[in-house]
Amino acid sequence: MLAGQERAEVEVLAVAEELAQPQRPGWLLLVGRFIWRKPLGAFGLAVVLLMAAAAAGAPWLCRYDAEETFRVANPSYVPGSAEPEEKLDSRSGPSWEHWFGTDQFGRDNYSRVVWGARRSLGVGLGALLFAIIFGTTIGIVSAYFRGWFDMLVQRVMDSIQAFPAMLILLLLVSLTERNLITLTMGLGFVVITAAQRIVRSAVLSAREDPHVEAARAIGCSPIRLMVVHILPNVAAPIIVIFSIGIASVILAEAALGFLGLAPIEPPSWGMMLDEGRRYMTSQPSTMLAGGAAITLTVMGFNLAGDALRDILDPRIRLS
């Protein structure tokens, strides 16, 4: 009788303890709260996901090849004349066959926009990963050891940052082989200085936390302290660097494409702007398609990055 009563009391206490623990909201509730509190951030995230889906599904979403040219019947054709029976379908407006029209070479603008999303996002992701890996490493090591080592590293970063970013990019693309790998590494190199400064400022604060001091007191090695105890505490600014910095990289890649200093394949939004500006008044569909893609993508990443920064900032975090 007593054993049964004790068992019942234990079960009651277990249920009461489980009910007393705060229940985590489901992911649908979190998504709904995010959309309600940060509508602009939700819009930006939707644009980013749309562009990512276009980049991932480019071979299936495109009706035509990005380099395929089209021809239409020539009503003014005279049999036996030197004029061809079919003429190039160039600079046509939006239609059912070509949703965004065609460029001056008769290529489908919609297909070039979709393939340009794969190029822009691929270059942006690669450059930011390159910059964050090296920038985070430099920032953590420099802030942890401080002293003369930190001063030397920061003066080197100052000397690199003294040159305009576009000038460094122009120098890199002029001296190296013009392909997407060198373009990605060059864009990442420009971002390293800004990334390491933000990480360094966060590490200078995190290295004085009590749990880091306790780990140092029990004899943890510097590598373990930096990787296990400091790096997780500076993850929030790293995520914000990634989300906001990728917009700047995409814009820089488009600028190089507009100047004709980027690889010509696959299609680039910046090159579409350059090609379409010559016919801006007569048929602006090519320029508008490339410009709208750049504007929406950069705006999407900026809005999503601002919302993410607000969420990760403990002073203004969503409740």
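Per-structure values
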| quantity | calculated |
| --- | --- |
| The stretch 160-191: number of residues that are at pLDDT 80 or above and assigned to a loop (DSSP other than H, G, I, E, B) | 4 |
| Which numbered condition residue 20 misses (of (1) over 37 Å from the mean Cα position of the chain (by Cα); (2) more than 30 Å from residue 271 (Cβ to Cβ); (3) at pLDDT 55 or above; (4) among the small types (Gly, Ala, Ser)) | (3) |
| Considering residues of the stretch 268-305 that are under 18 Å from residue 105 (Cβ atoms) and of a type in the set (S, T, N, Q) only, the residue surrounded by the most Cβ atoms within 10 Å (Cβ to Cβ) | 286 |
| Selection status of residue 152, in a helix (DSSP H, G or I) and surrounded by 15 or more Cβ atoms within 10 Å (Cβ to Cβ) | no |
| Failed criterion for residue 207 (all others in (1) modelled with pLDDT under 80; (2) more than 22 Å from residue 157 (Cα to Cα); (3) charged (D, E, K, R) hold) | (2) |
| Sole exception among (1) in contact with a helix residue (DSSP H, G or I) (Cβ under 7 Å, 6 or more places away or on another chain); (2) in contact (Cβ under 8 Å) with a residue 60 or more places away in the chain; (3) of a type outside the set (S, T, N, Q) for residue 271, by number | (2) |
| Unique residue being modelled with pLDDT of 85 or more and among the hydrophobic types (A, V, I, L, M, F, W, C) when the list is 307, 292, 214, 262 | 292 |
| Residues located in the stretch 204-222, provided they are of a type in the set (Lys, Arg) and part of a helix (DSSP H, G or I) | 216 |
| Count - residues of the stretch 155-180 that are in contact (Cβ under 8 Å) with a residue 40 or more places away in the chain, closer than 30 Å to residue 212 by Cβ and surrounded by fewer than 16 Cβ atoms within 10 Å (Cβ to Cβ) | 0 |
| Within the stretch 82-117, considering residues that are among the hydrophobic types (A, V, I, L, M, F, W, C) and surrounded by fewer than 19 Cβ atoms within 10 Å (Cβ to Cβ), the one farthest from residue 287 (Cα to Cα) | 82 |
| Criterion (in contact (Cβ under 8 Å) with a residue 12 or more places away in the chain and closer than 16 Å to residue 121 by Cβ) met by exactly one of 255, 289, 293 | 293 |
| Some residue of the stretch 223-242 being out of contact with any Ser or Thr (no Cβ under 7 Å at 6 or more places or on another chain), part of a loop (DSSP other than H, G, I, E, B) and either crowded, with 20+ Cβ neighbours inside 10 Å or of a type outside the set (S, T, N, Q) (or both) | no |
| Residue match in the stretch 258-267 (condition: crowded, with 20+ Cβ neighbours inside 10 Å, in contact (Cβ under 8 Å) with a residue 60 or more places away in the chain and in a helix (DSSP H, G or I)) | no |
| Residue match in the stretch 198-205 (condition: within 21 Å of the chain's Cα centre (by Cα) and over 13 Å from residue 144 (Cα atoms)) | yes |
| Check on residue 247, in a helix (DSSP H, G or I), in contact (Cβ under 8 Å) with a residue 24 or more places away in the chain and either out of contact with any Lys or Arg (no Cβ under 7 Å at 6 or more places or on another chain) or surrounded by 20 or more Cβ atoms within 10 Å (Cβ to Cβ) (or both) | yes |
| Of the criteria (1) farther than 26 Å from residue 48 by Cα; (2) in a helix (DSSP H, G or I); (3) of a type in the set (D, E, K, R), which one residue 91 fails | (2) |
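The values are calculated or read from the model by the stated rules, or taken from the named source; none is laboratory data. All values derive from a computational prediction rather than experimental measurement. In this analysis, Cβ positions are derived from the backbone assuming ideal geometry, glycine residues included, and neighbour counts consider all displayed protein chains.
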